[in-house]
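Written out below as C-alpha coordinates is the structure these notes cover.
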Amino acid sequence: MQGKLITVEGVEGVGKSTNIEFIAQRLRAADINVVLTREPGGTPLAEDIRQLLLTPRDEAVSETAELLLMFAARAQHINEVIRPALQRGDWVLCDRFTDATYAYQGGGREMGFDTIAVLENLVQGELRPHCTVLLDAPIAIGMARAKKRGALDRFEQEQMDFFERVRQAYLQLAQQQPQRFRVINAAQSLDLVQADIASGIEELLAQAKP
Ligand code: TMP
(Lines give C-alpha, C1' and ligand atoms only; values in the text may rest on other atoms or scores of the structure.)
Protein backbone atom coordinates (compact mmCIF):
# COMPACT_ATOMS: atom_id res chain seq x y z
CA MET A 1 0.00 0.00 0.00
CA GLN A 2 1.20 3.55 -0.77
CA GLY A 3 2.42 5.56 2.20
CA LYS A 4 1.08 8.96 3.16
CA LEU A 5 2.61 12.42 2.89
CA ILE A 6 2.09 14.47 6.03
CA THR A 7 3.27 18.08 6.05
CA VAL A 8 3.76 20.56 8.87
CA GLU A 9 3.44 24.28 8.20
CA GLY A 10 3.48 27.61 10.00
CA VAL A 11 5.41 30.86 10.27
CA GLU A 12 8.82 30.89 11.96
CA GLY A 13 8.92 30.19 15.69
CA VAL A 14 5.56 28.39 16.07
CA GLY A 15 7.24 25.18 17.28
CA LYS A 16 7.45 23.15 14.08
CA SER A 17 10.58 21.18 15.03
CA THR A 18 9.34 20.08 18.47
CA ASN A 19 5.98 19.04 17.11
CA ILE A 20 7.38 17.24 14.07
CA GLU A 21 9.45 15.13 16.45
CA PHE A 22 6.27 14.44 18.46
CA ILE A 23 4.33 13.38 15.33
CA ALA A 24 7.18 11.11 14.21
CA GLN A 25 7.21 9.39 17.62
CA ARG A 26 3.46 8.78 17.53
CA LEU A 27 3.59 7.31 14.04
CA ARG A 28 6.56 5.10 14.87
CA ALA A 29 4.73 3.88 17.97
CA ALA A 30 2.01 2.70 15.56
CA ASP A 31 4.65 0.66 13.64
CA ILE A 32 4.82 3.02 10.70
CA ASN A 33 8.12 3.62 8.91
CA VAL A 34 8.56 7.38 8.94
CA VAL A 35 10.85 9.34 6.62
CA LEU A 36 11.53 12.70 8.25
CA THR A 37 12.50 15.41 5.79
CA ARG A 38 12.18 19.13 5.05
CA GLU A 39 11.78 21.77 2.36
CA PRO A 40 13.53 23.49 0.84
CA GLY A 41 16.01 20.62 1.14
CA GLY A 42 15.93 16.89 1.80
CA THR A 43 18.59 15.80 -0.75
CA PRO A 44 22.17 17.04 -1.24
CA LEU A 45 21.22 19.12 -4.31
CA ALA A 46 18.06 20.48 -2.69
CA GLU A 47 20.01 21.34 0.48
CA ASP A 48 22.45 23.31 -1.71
CA ILE A 49 19.49 25.20 -3.18
CA ARG A 50 18.25 25.81 0.38
CA GLN A 51 21.57 27.49 1.20
CA LEU A 52 21.22 29.70 -1.88
CA LEU A 53 17.70 30.66 -0.82
CA LEU A 54 18.31 31.34 2.88
CA THR A 55 21.68 33.11 2.81
CA PRO A 56 21.23 36.88 3.15
CA ARG A 57 22.85 38.65 0.17
CA ASP A 58 23.37 42.19 -1.11
CA GLU A 59 21.97 41.40 -4.54
CA ALA A 60 18.18 41.78 -4.71
CA VAL A 61 16.64 38.35 -5.35
CA SER A 62 14.01 38.28 -8.09
CA GLU A 63 10.71 36.88 -6.82
CA THR A 64 10.46 34.63 -9.85
CA ALA A 65 13.99 33.30 -9.27
CA GLU A 66 13.06 32.58 -5.65
CA LEU A 67 9.85 30.80 -6.70
CA LEU A 68 11.61 28.67 -9.32
CA LEU A 69 14.41 27.73 -6.92
CA MET A 70 11.80 26.54 -4.41
CA PHE A 71 10.24 24.33 -7.07
CA ALA A 72 13.64 23.18 -8.39
CA ALA A 73 14.51 21.94 -4.90
CA ARG A 74 11.04 20.36 -4.61
CA ALA A 75 11.32 18.53 -7.94
CA GLN A 76 14.58 16.92 -6.82
CA HIS A 77 13.20 16.10 -3.38
CA ILE A 78 10.05 14.48 -4.78
CA ASN A 79 12.04 12.44 -7.27
CA GLU A 80 14.78 11.25 -4.94
CA VAL A 81 13.04 10.97 -1.58
CA ILE A 82 9.29 11.47 -1.44
CA ARG A 83 7.97 9.29 -4.28
CA PRO A 84 10.34 6.36 -3.56
CA ALA A 85 9.37 6.43 0.13
CA LEU A 86 5.63 6.52 -0.61
CA GLN A 87 6.04 3.66 -3.08
CA ARG A 88 7.77 1.57 -0.41
CA GLY A 89 4.75 2.20 1.84
CA ASP A 90 6.64 4.53 4.21
CA TRP A 91 5.01 7.68 5.51
CA VAL A 92 6.80 10.93 4.70
CA LEU A 93 6.71 13.63 7.36
CA CYS A 94 7.85 16.86 5.76
CA ASP A 95 8.76 20.13 7.49
CA ARG A 96 7.07 22.51 4.99
CA PHE A 97 5.92 21.75 1.44
CA THR A 98 4.03 23.58 -1.31
CA ASP A 99 1.65 25.33 1.08
CA ALA A 100 4.75 27.28 2.18
CA THR A 101 5.18 28.46 -1.40
CA TYR A 102 1.54 29.60 -1.49
CA ALA A 103 2.02 31.34 1.87
CA TYR A 104 5.50 32.92 1.45
CA GLN A 105 5.76 33.58 -2.28
CA GLY A 106 1.99 33.82 -2.94
CA GLY A 107 1.04 35.70 0.24
CA GLY A 108 4.27 37.19 1.62
CA ARG A 109 5.71 38.27 -1.74
CA GLU A 110 2.20 38.93 -3.11
CA MET A 111 2.77 36.81 -6.23
CA GLY A 112 -0.77 35.40 -6.02
CA PHE A 113 -1.77 31.74 -6.16
CA ASP A 114 -2.32 31.15 -9.89
CA THR A 115 1.31 30.88 -11.10
CA ILE A 116 2.12 28.69 -8.14
CA ALA A 117 -0.74 26.34 -9.03
CA VAL A 118 0.73 25.94 -12.55
CA LEU A 119 4.16 25.03 -11.16
CA GLU A 120 2.58 22.75 -8.56
CA ASN A 121 0.89 20.73 -11.31
CA LEU A 122 4.05 20.66 -13.43
CA VAL A 123 6.38 19.54 -10.62
CA GLN A 124 4.07 17.34 -8.58
CA GLY A 125 1.56 15.87 -11.02
CA GLU A 126 -1.13 14.40 -8.76
CA LEU A 127 1.03 14.39 -5.62
CA ARG A 128 -0.55 16.38 -2.75
CA PRO A 129 -0.18 16.01 1.02
CA HIS A 130 -2.63 13.61 2.62
CA CYS A 131 -2.77 15.76 5.72
CA THR A 132 -1.29 19.15 6.68
CA VAL A 133 -0.82 20.30 10.24
CA LEU A 134 -0.85 24.11 10.34
CA LEU A 135 0.62 25.53 13.55
CA ASP A 136 -0.95 28.94 13.86
CA ALA A 137 -0.05 31.71 16.30
CA PRO A 138 0.06 35.52 16.29
CA ILE A 139 3.17 36.71 14.40
CA ALA A 140 4.68 38.50 17.40
CA ILE A 141 4.93 35.23 19.37
CA GLY A 142 6.71 33.35 16.59
CA MET A 143 9.10 36.14 15.66
CA ALA A 144 10.21 36.59 19.27
CA ARG A 145 11.11 32.88 19.39
CA ALA A 146 12.86 32.97 15.99
CA LYS A 147 15.00 35.94 17.04
CA LYS A 148 16.22 34.08 20.13
CA ARG A 149 17.69 31.37 17.88
CA GLY A 150 20.47 33.66 16.58
CA ALA A 151 21.39 35.15 13.20
CA LEU A 152 18.36 35.72 10.99
CA ASP A 153 18.16 34.11 7.54
CA ARG A 154 16.99 35.93 4.39
CA PHE A 155 13.31 35.24 5.12
CA GLU A 156 13.51 35.95 8.85
CA GLN A 157 14.84 39.42 8.00
CA GLU A 158 11.47 40.35 6.48
CA GLN A 159 9.13 42.80 8.24
CA MET A 160 6.09 41.94 10.35
CA ASP A 161 3.62 42.78 7.56
CA PHE A 162 5.29 40.15 5.35
CA PHE A 163 4.71 37.49 8.02
CA GLU A 164 1.17 38.73 8.59
CA ARG A 165 0.46 38.10 4.89
CA VAL A 166 2.11 34.67 5.17
CA ARG A 167 -0.09 33.78 8.14
CA GLN A 168 -3.25 34.98 6.42
CA ALA A 169 -2.41 33.00 3.25
CA TYR A 170 -1.95 29.83 5.33
CA LEU A 171 -5.31 30.41 7.03
CA GLN A 172 -6.93 31.00 3.64
CA LEU A 173 -5.55 27.69 2.31
CA ALA A 174 -6.81 25.90 5.43
CA GLN A 175 -10.24 27.41 4.97
CA GLN A 176 -10.34 26.37 1.31
CA GLN A 177 -9.29 22.77 2.06
CA PRO A 178 -10.66 21.92 5.51
CA GLN A 179 -10.55 18.17 4.86
CA ARG A 180 -6.75 18.24 4.38
CA PHE A 181 -5.73 20.83 6.98
CA ARG A 182 -5.68 20.51 10.73
CA VAL A 183 -5.21 24.01 12.20
CA ILE A 184 -3.64 23.96 15.65
CA ASN A 185 -3.58 26.95 17.97
CA ALA A 186 0.18 27.09 18.62
CA ALA A 187 -0.17 29.92 21.14
CA GLN A 188 -1.50 27.41 23.71
CA SER A 189 0.76 25.51 26.09
CA LEU A 190 2.80 22.71 24.48
CA ASP A 191 0.66 20.09 26.31
CA LEU A 192 -2.52 21.40 24.71
CA VAL A 193 -0.88 21.74 21.29
CA GLN A 194 0.29 18.14 21.45
CA ALA A 195 -3.09 16.87 22.68
CA ASP A 196 -4.68 18.44 19.57
CA ILE A 197 -2.01 16.98 17.31
CA ALA A 198 -2.36 13.55 18.92
CA SER A 199 -6.09 13.47 18.25
CA GLY A 200 -5.43 14.37 14.60
CA ILE A 201 -2.95 11.51 14.33
CA GLU A 202 -5.41 9.05 15.88
CA GLU A 203 -7.93 10.01 13.18
CA LEU A 204 -5.34 9.54 10.46
CA LEU A 205 -4.31 6.15 11.79
CA ALA A 206 -7.93 5.05 12.04
CA GLN A 207 -8.53 6.07 8.39
CA ALA A 208 -5.35 4.28 7.26
CA LYS A 209 -6.37 0.92 8.77
CA PRO A 210 -7.05 -1.63 5.99
P1 TMP B 1 12.66 26.76 7.83
O2 TMP B 1 12.28 25.49 7.15
O3 TMP B 1 13.87 26.62 8.64
O4 TMP B 1 11.53 27.41 8.53
O5 TMP B 1 13.16 27.81 6.72
C6 TMP B 1 12.77 27.79 5.43
C7 TMP B 1 12.39 29.18 4.99
O8 TMP B 1 12.03 29.11 3.62
C9 TMP B 1 11.19 29.74 5.74
O10 TMP B 1 11.42 31.12 6.00
C11 TMP B 1 10.07 29.62 4.75
C12 TMP B 1 10.76 29.67 3.42
N13 TMP B 1 10.06 28.93 2.36
C14 TMP B 1 9.46 29.62 1.33
O15 TMP B 1 9.52 30.85 1.28
N16 TMP B 1 8.81 28.92 0.35
C17 TMP B 1 8.75 27.54 0.34
O18 TMP B 1 8.17 26.95 -0.57
C19 TMP B 1 9.38 26.83 1.44
C20 TMP B 1 9.34 25.34 1.46
C21 TMP B 1 10.02 27.57 2.42
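The values are calculated or read from the model by the stated rules, or taken from the named source; none is laboratory data. These figures come from a predicted structure and were not determined experimentally. Reconstructed Cβ throughout: ideal geometry from the backbone, glycine too, with neighbour counts over all protein chains shown. Quick note on the areas: whole protein, heavy atoms, side chains included, nothing else; ligands and nucleic acids left out. Shrake-Rupley method; radii C 1.70, N 1.55, O 1.52, S 1.80 Å.
The table that follows gives values for the structure above.
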{"read-out": "For the stretch 112-146 versus the stretch 1-68, the gap between their alpha-carbon centres in whole angstrom", "value": "11"}
{"read-out": "Two-decimal Rg to Rh for the chain - Kirkwood Rh, Cα set", "value": "0.94"}
{"read-out": "The stretch 90-210 shape via C-alpha gyration tensor axes, a/c threshold 1.5", "value": "oblate"}
{"read-out": "Net charge dipole size for the stretch 89-174 [Lys, Arg +1 and Asp, Glu -1 on Cβ; Debye, nearest 20]", "value": "400"}
{"read-out": "Cα point-scatterer Debye curve for the stretch 1-123, base-10 log of I(q)/I(0) at q = 0.18, 0.22, 0.23 Å⁻¹", "value": "-1.01, -1.36, -1.42"}
{"read-out": "17 Å Cα-Cα reach of residue 209 towards lysines, excluding residues that sit fewer than 8 places from it in its own chain", "value": "4"}
{"read-out": "Rounded percent of accessible protein surface that carbon and sulfur make up, the chain, 1.4 Å probe", "value": "51"}
{"read-out": "Cleavage-rule hits (GluC sites (Glu not before Pro)) in the stretch 58-159: DSSP loop, at most 10 neighbouring Cβ within 10 angstrom", "value": "59, 126"}
{"read-out": "Under 13 Å, Cβ to Cβ, from residue 40 - net charge with Lys/Arg +1 and Asp/Glu -1", "value": "-1"}
{"read-out": "Within straight-line cross-link reach of residue 148, lysines at Cα separation under 18 Å, skipping those fewer than 8 residues along the same chain", "value": "16"}
{"read-out": "Around residue 146: net Lys/Arg minus Asp/Glu count, Cβ-Cβ under 12 Å", "value": "+1"}
{"read-out": "GNM result for the chain, Cα springs below 10 Å: residue of 136, 58, 153 fluctuating most strongly", "value": "58"}
{"read-out": "Cα gyration tensor category, rounded, prolate or oblate, for the stretch 130-196 with a/c compared to 1.5", "value": "oblate"}
{"read-out": "Check: the stretch 19-145 dipole with +1 on Lys, Arg Cβ and -1 on Asp, Glu Cβ, in debye", "value": "380"}
{"read-out": "Net charge over other residues, Cβ less than 11 angstrom from the Cβ of residue 110 (K, R count +1; D, E count -1)", "value": "0"}
{"read-out": "Per-residue SASA entry for residue 191, accessible area with 1.4 Å probe, Å² rounded to 10", "value": "120"}
